[in-house]
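The structure appears below as structure tokens.
What follows draws every value from the coordinates through simple rules; no lab data is involved. Keep in mind the model is a prediction, meaning the values are calculated, not measured. Every residue, glycine as well, gets a Cβ built from its backbone with ideal geometry; the counts of neighbours run over all protein chains shown.
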Amino acid sequence: MANKQSSNFPLLVASGLSKSFGGVKAVDNAEIQVISGSITGLIGPNGAGKTTLFNLLSNFIRCERGRVIFDGEPIERLQPHQIAQQGMIRTFQVARTLSRLSVLENMLLAAQKQTGENFWQVQFQQHKIAQEEKQLRERAMFLLESVGLGQKAQDYAGSLSGGQRKLLEMGRALMTNPKLILLDEPAAGVNPKLIDEICERIRTWNREGMTFLIIEHNMDVIMSLCDRVWVLAEGRNLADGTPREIQSNPKVLEAYLGKSE
């Protein structure tokens, strides 16, 4: 199981979130909470609205109504890049990498608030920029080693397997020093051996203090990793509880299997 030393401080609290597409309610008055230091799961049948909920939390899609509080501050009106700067980073079902850049270059581009991004600082603080770039390279290499991609640092990102791209995307997320990472199906399309590796990385980062919210269809992954699991069905909250409670919840069984037990 994940880190049990999590505080009871809710790092993320969302309530009343709703979004429709063409008259169909993809998310309907949904809520979710993520406790600081936890690994929280979000599950539901296909079409339940899980990825849409992720998009609403990170404001890749604007909610029609609802409230999102992150680290004590409302964020539902912020732009996605502003939310990322606040410390909430998300990944995608299909890992997004810059295929024609090296793995290391992908990592370096993820770092935020670099001195060299400012024109005047480039002119007058070249020594500081050089030192910062050296530190960023060292951090990027450290993180690549931590995700098992150290030997791939100079390879094109486009040459990586699907599972390796997901590890790279996680590494890129860690380059931003986030408070919360939203992982959208980290095990999808990944071979079983690499799934175990991804899960172990998540556990390690969680022990080091990182908080996660994870969408995943692989129930073994969710049940082995998560402290708490939230269930969506047809865009609405169906249940939430510990993995054991969710596994035996009649409503959840009915949503997944079409019948209760």
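Some observations on this one:
- Fewest-first sequence of Trp205, Trp230 by Cβ atoms within 10 Å of each Cβ: Trp205, Trp230
- With 0.36 nm allotted per residue and the present C-alpha distance subtracted, the Glu245-Ile69 stretch has 60.7 nm of extension available.
- Taking the DSSP bridge list for the chain and keeping only pairs wholly inside it, about 55 percent are antiparallel.
- Each label was represented as a point 7 Å from its Cα along the Cα-to-Cβ direction; for Leu253 and Gln85 these points are 5.0 nm apart.
- Per the Kirkwood formula applied to alpha carbons, segment 122-261 shows a radius of gyration over Rh ratio, Rg over Rh, of 1.10.
- Think of each Lys and Arg Cβ as +1 and each Asp and Glu Cβ as -1; about the Cα centre, that makes the dipole of the chain roughly 340 debye.
- Inter-part distance, segment 215-254 to segment 143-176, computed on C-alpha centroids, equals 29 Å.
- Above-threshold pairs, the threshold being 32 Å between Cα atoms, out of Lys25/Lys166; Lys19/Lys193; Lys25/Lys152; Lys50/Lys134: Lys19/Lys193; Lys25/Lys152; Lys50/Lys134
- Taking each DSSP H run with n ≥ 4 as -39500 (n - 2.57) and averaging over every residue of the chain yields -11000 deg cm²/dmol at 222 nm.
- Kirkwood analysis of the Cα pair distances in the chain returns a hydrodynamic radius of 19.3 Å.
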